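Colleague: One structure is given below, represented as structure tokens, and several questions about it will come after.
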Amino acid sequence: MAEETVFAKIVSGEIPVTLLAETERVIAFPDAFPQAPVHILVIPKTSAYQNVTELAASDPGLLAEMVEVANRVASEHADGDFRLVFNNGENAGQTVFHVHAHVLAGGLKEQTLGG
Ligand code: 5GP
């Protein structure tokens, strides 16, 4: 079995976070190293999927639930507009292999992709 990730420890409560949203299958919490005025992570509670490609292929409904939660936290913590980033693979910058969406929001209009 793959080694437990930091996000599995967050789901189990071993590492405490401020929960910003929770559904039966998804949680959202602030990123520890924010890259935008609002930077929230949305993750499924299951550790079954390492990245968004695996998730989309196996459980598109769960992916849709993550997008719904992203939309909700962007409305509650910013103006409702948001950028949704999934790093897919080590060479794309993925460091935690438990699928997660970065919700980036708050004054990003002038910021280009990657800028
Ligand atoms: P990745 O680089 O895999 O796409 O994103 C992983 C993200 O998880 C990074 O933005 C990093 O700041 C965040 N992160 C890593 N460890 C922790 C943690 O213990 N708590 C929280 N809240 N975020 C974390």
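Colleague: Please go through segment 12-36 and give me each residue that is touching a strand residue (DSSP E or B) at 6+ places or on another chain (Cβ under 7 Å) and either more than 25 Å from N91 (Cβ to Cβ) or among the aliphatic types (A, V, I, L, M) (or both), ordered by number.
Modeller: Once the filter is applied, which keeps residues that are touching a strand residue (DSSP E or B) at 6+ places or on another chain (Cβ under 7 Å) and either more than 25 Å from N91 (Cβ to Cβ) or among the aliphatic types (A, V, I, L, M) (or both), segment 12-36 yields V17, T18, L19, L20, A21, R25, V26, I27, A28, F29, P30, A36.
Colleague: Out of all the residues in segment 18-72, which are under 10 Å from the mean Cα position of the chain (by Cα), closer than 20 Å to G106 by Cα and among the β-branched types (V, I, T)?
Modeller: I40, V42, V67, V69
Colleague: If you don't mind, there's one more thing I want to ask. Regarding G93, is this residue out of contact with any Cys (no Cβ under 9 Å at 6 or more places or on another chain) and closer than 19 Å to L113 by Cα?
Modeller: In short, yes.
Colleague: May I ask you to list the residues in segment 11-24 that are more than 21 Å from H77 (Cα to Cα) and surrounded by 12 or more Cβ atoms within 10 Å (Cβ to Cβ)?
Modeller: V11, I15, listed by residue number.
Colleague: With A64, A70 as the choices, which residue is in a helix (DSSP H, G or I), within 13 Å of L41 (Cβ to Cβ) and not hydroxyl-bearing (S, T, Y)?
Modeller: On the way: A64 fails: within 13 Å of L41 (Cβ to Cβ).
Checking each option against the conditions leaves just A70.
Colleague: Here is a further query. Can you tell me which residue among T112, T95, T46 is more than 10 Å from the ligand (Cβ to nearest atom) and within 24 Å of E3 (Cα to Cα)?
Modeller: T46
Colleague: A follow-up question, please. If you take the residues of segment 73-87 that are surrounded by 16 or more Cβ atoms within 10 Å (Cβ to Cβ) and in a loop (DSSP other than H, G, I, E, B), which of them is farthest from the ligand (Cβ to nearest atom)?
Modeller: The residue in question is A78.
Colleague: While we're on this one: Answer yes or no as to whether A36 is outside any strand (DSSP E or B), away from the ligand (no atom under 13 Å from the Cβ) and touching a residue at least 40 places away in the same chain (Cβ under 8 Å).
Modeller: no
Just so you know, all these numbers are worked out from the coordinates, no wet-lab data involved. As the structure is a prediction and not an experimental result, all values here were calculated from the model. Glycine also receives a Cβ, built like all others from the backbone with ideal geometry; neighbour counts cover every protein chain displayed.
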